[in-house]
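The values are calculated or read from the model by the stated rules, or taken from the named source; none is laboratory data. Because the structure is a prediction, the values reported are computed rather than measured. As a convention, Cβ positions derive from the backbone with ideal geometry for all residues, glycine included, and neighbour counts pool all protein chains shown.
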Amino acid sequence: MPHPALNTPLVELLGCRVPIICAGMGGVARHELVAAVSNAGGFGCLGMVREPVALIRREVAAYRELSHEPFAVNLIPAATPAELLEAQVAVCLELRVPAVALFWDVQADVVRRFKDAGMLVLHQVGHRADAEAALRAGVDVLIAQGVEAGGHVRGQVSTFALVPELVALGEVPVVACGGIASGAAIAA
């Protein structure tokens, strides 16, 4: 059983047991890893940025063979050609994935389509302005990505400086992302 400190509003919202999210790492966060994270109590996220719809279908189906836990599909609308993005959004809606994790510039119309379908929307941000735009668009969770994070980095401040700034916005759960390498840092 997880430590009581790990029973957070985020855990309740996402339907997982511990507040750990597997980042939607392109080429790495495929169904095996994502299902392992979800089955261990975390929240898995399939890395599907700029991937063809056929791969999204296969990965979601393969994930569902390995896990019955909630998960997300990671997309970057601003870095995806419009026609492909439309197809990705459509397949996520068709497959009724429980959540999507978005990154980069906020596209309110994309957020609205997912929200209208009853899906949770997480949005990764690197500074306050993006967080405010994401909140205006209606996201359910902010992922505060500090400069220490791997992969695409949006901001220029550390995770532990960014998190309190976004928590102060007070509207949705905030997840720390980047520079977290111990259980003590998770609990912080």
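Whenever a residue of region 14-31 is in contact (Cβ under 8 Å) with a residue 60 or more places away in the chain and assigned to a loop (DSSP other than H, G, I, E, B), its partners that are surrounded by fewer than 18 Cβ atoms within 10 Å (Cβ to Cβ) and of a type in the set (S, T, N, Q), lying with C-beta atoms within less than 7 angstrom and at least six residues away or across chains, give the pairs PRO19/THR8. Pairing each residue of region 123-143 that is without any contact (Cβ under 8 Å) to a residue 12 or more places away in the chain with any residue that is among the hydrophobic types (A, V, I, L, M, F, W, C), provided the two are 6+ apart or on different chains, yields no C-beta distance under 7 Å. Counting only helices (runs of 4 or more DSSP H) that fall entirely inside region 107-188 and contain at least 1 residues that are of a type outside the set (D, E, K, R), farther than 20 Å from VAL18 by Cα and over 17 Å from the mean Cα position of the chain (by Cα), the qualifying elements are 128-137, 159-167.
When ARG96 is tested against (1) within 18 Å of VAL60 (Cα to Cα); (2) without any contact (Cβ under 8 Å) to a residue 24 or more places away in the chain; (3) touching a strand residue (DSSP E or B) at 6+ places or on another chain (Cβ under 6 Å); (4) not acidic (Asp, Glu), exactly one condition is not met: (3). Take the conditions (1) under 12 Å from the mean Cα position of the chain (by Cα); (2) surrounded by fewer than 14 Cβ atoms within 10 Å (Cβ to Cβ); (3) among the hydrophobic types (A, V, I, L, M, F, W, C); ALA5 misses just one of them, which is (1).
Within region 66-89, being touching a residue at least 12 places away in the same chain (Cβ under 8 Å) and of a type in the set (A, V, I, L, M, F, W, C) holds for LEU66, PHE71, ALA72, VAL73, LEU75, ILE76, ALA78, ALA79, LEU84, LEU85, ALA87, VAL89.
Considering only residues in region 16-35 that are more than 15 Å from VAL60 (Cα to Cα) and among the β-branched types (Val, Ile, Thr), the one that is surrounded by the most Cβ atoms within 10 Å (Cβ to Cβ) turns out to be ILE21. Across region 130-156, the number of residues qualifying as at pLDDT 90 or above and either among the charged types (D, E, K, R) or loosely packed, with under 15 Cβ neighbours inside 10 Å (or both) comes to 4.
If you scan region 57-90, which residues turn out to be part of a helix (DSSP H, G or I) and either closer than 18 Å to LEU122 by Cα or in contact with a Leu (Cβ under 6 Å, 6 or more places away or on another chain) (or both)? Spell out the reasoning first.
Just the residues of region 57-90 that are part of a helix (DSSP H, G or I), to begin with: 57-66, 77-79, 82-90.
Across region 57-90, the qualifying residues are GLU59, VAL60, PRO77, ALA78, ALA79, LEU85, GLN88, VAL89, ALA90.
Among the residues that make up region 41-51, is at least one of them within 24 Å of VAL106 (Cα to Cα), of a type outside the set (Val, Ile, Thr), surrounded by fewer than 18 Cβ atoms within 10 Å (Cβ to Cβ) and free of Cβ contacts under 8 Å to residues at least 60 places away in the same chain? Scanning region 41-51, I find at least one residue that is within 24 Å of VAL106 (Cα to Cα), of a type outside the set (Val, Ile, Thr), surrounded by fewer than 18 Cβ atoms within 10 Å (Cβ to Cβ) and free of Cβ contacts under 8 Å to residues at least 60 places away in the same chain, so the answer is yes.
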